[in-house]
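Comments concern the structure below.
We did not get these values from a lab; they are worked out from the coordinates using the rules stated. None of these values were measured; they are calculated from a predicted model. FYI the Cβ positions are ideal-geometry reconstructions off the backbone, even for glycines, and counts take in every protein chain you see.
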Amino acid sequence: MTKKTFSAKIDTLPEVLGFVERTIELYDCPIRVQTAICVAIEEVFVNIAYYAYGDGDGNMELGISFDEKSHAIIFRIIDNGIPFDPLKKPDPNITLSAEEREIGGLGILIAKKTMDEINYAYENNKNILTMIKKI
Amino acid sequence: MTIEIKKTAEETTIELAGRLDTTTAPDLDKIINEDIADAENLVFDFKQLVYISSAGLRVLLGAQKKMQKLGSMKVTNVCTEIMDVFEMTGFSDILTIE
């Protein structure tokens, strides 16, 4: 697994996505899938940067590995912030008109629709989100 | 991301290049609500835009709500990667995409 720790701040986003792009390029991931993965990672990272540590500082650890057998990329995202299961939130209604639409929850919806599988666990005071994308 | 504004008598066009993400979306929001707050027919040209996340969607939704009252809005030259995000989120149904 390739791992890197980032400061959980919005400004760090380009660094996070640069790391994701460089790593998944090695798995011959098509550009369209690469972009979709980056959007999903951005949504999860931004949630952590905004909410995990309140007004304080903290980190996010991102691990990326490739499972040859299932031909899938596995992302493991860990933070030490407040316990938060992003999968618990109900999905927003995406059939409403522009006027009735609210923006909340779209980020996690994008992550769910992009990934083949997302699992959440809270262990040893850590939020651990595992996202799997078959390529 | 770079943002370029082009105005004609009929419409105001915003040409975007690069990535519309959490770090760049506030710049676009500011331009829409301050610099071209008087636009009646707004066109987003996405020809050189390669990436959008929910922060970008938030700005587009705000613009759509506003332009529904003031005039019109459309999004042009959308690439496959961005169309994927529009379709996942139902934005393909609420935006006028040409």
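Scan region A:41-53 residue by residue and report those that are touching a helix residue (DSSP H, G or I) at 6+ places or on another chain (Cβ under 8 Å), of a type outside the set (V, I, T) and either under 18 Å from A:K3 (Cβ atoms) or more than 13 Å from chain B (Cβ to nearest Cβ) (or both).
Initial filter on region A:41-53 (touching a helix residue (DSSP H, G or I) at 6+ places or on another chain (Cβ under 8 Å)): A:41-47, A:49-50.
Remaining after also requiring of a type outside the set (V, I, T): A:42-43, A:45, A:47, A:49-50.
Of everything in region A:41-53, just one residue is touching a helix residue (DSSP H, G or I) at 6+ places or on another chain (Cβ under 8 Å), of a type outside the set (V, I, T) and either under 18 Å from A:K3 (Cβ atoms) or more than 13 Å from chain B (Cβ to nearest Cβ) (or both), namely A:F45.
So, in region A:83-96, of the ones that are without any contact (Cβ under 8 Å) to a residue 40 or more places away in the chain and loosely packed, with under 11 Cβ neighbours inside 10 Å, which residue ends up nearest to A:K3 (Cα to Cα)?
Step by step, filter region A:83-96, then rank; the result is A:K88.
When you scan region B:75-97, do you find a residue that is closer than 22 Å to A:A49 by Cα, within 14 Å of another protein chain (Cβ to nearest Cβ), of a type in the set (S, T, N, Q) and crowded, with 20+ Cβ neighbours inside 10 Å, even just one?
Scanning region B:75-97 turns up no residue that is closer than 22 Å to A:A49 by Cα, within 14 Å of another protein chain (Cβ to nearest Cβ), of a type in the set (S, T, N, Q) and crowded, with 20+ Cβ neighbours inside 10 Å.
Condition (residue is within 14 Å of chain B (Cβ to nearest Cβ) and at positive phi) applied to region A:6-20: is it met by at least one residue?
For region A:6-20, residues within 14 Å of chain B (Cβ to nearest Cβ) and at positive phi: absent.
Yes or no, residue by residue, for (1) touching a Gly at 6+ places or on another chain (Cβ under 8 Å); (2) surrounded by fewer than 16 Cβ atoms within 10 Å (Cβ to Cβ):
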site: A:N47; (1), (2): yes, no
site: A:I78; (1), (2): yes, no
site: A:L109; (1), (2): no, no
site: A:N119; (1), (2): no, yes
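Report whether or not B:R58 is of a type in the set (K, R) and crowded, with 22+ Cβ neighbours inside 10 Å.
Values: of a type in the set (K, R): yes; crowded, with 22+ Cβ neighbours inside 10 Å: no.
So B:R58 fails the test.
So how many residues does region A:77-107 have that are under 10 Å from the mean Cα position of the chain (by Cα) and at the interface with another protein chain (Cβ under 9 Å from one of its Cβ atoms)?
Adding up the residues that qualify gives 1.
Among B:I52, B:I14, which is closer than 30 Å to A:F45 by Cβ, buried (at least 20 other Cβ atoms within 10 Å of the Cβ), of a type in the set (V, I, T) and touching a helix residue (DSSP H, G or I) at 6+ places or on another chain (Cβ under 6 Å)?
Values: B:I14 fails: touching a helix residue (DSSP H, G or I) at 6+ places or on another chain (Cβ under 6 Å).
Just one listed residue meets the conditions, B:I52.
Which of the numbered conditions does B:M67 fail, given that it passes all the others? Conditions: (1) touching a Leu at 6+ places or on another chain (Cβ under 7 Å); (2) more than 20 Å from B:I97 (Cβ to Cβ).
For B:M67, the failing item is (2).
Go through A:E102, A:E21, A:E61, A:E42 for me and flag whichever is of a type outside the set (S, T, N, Q) and loosely packed, with under 13 Cβ neighbours inside 10 Å. Can you show your working first?
Details: A:E21 fails: loosely packed, with under 13 Cβ neighbours inside 10 Å; A:E61 fails: loosely packed, with under 13 Cβ neighbours inside 10 Å; A:E42 fails: loosely packed, with under 13 Cβ neighbours inside 10 Å.
Only one candidate qualifies: A:E102.
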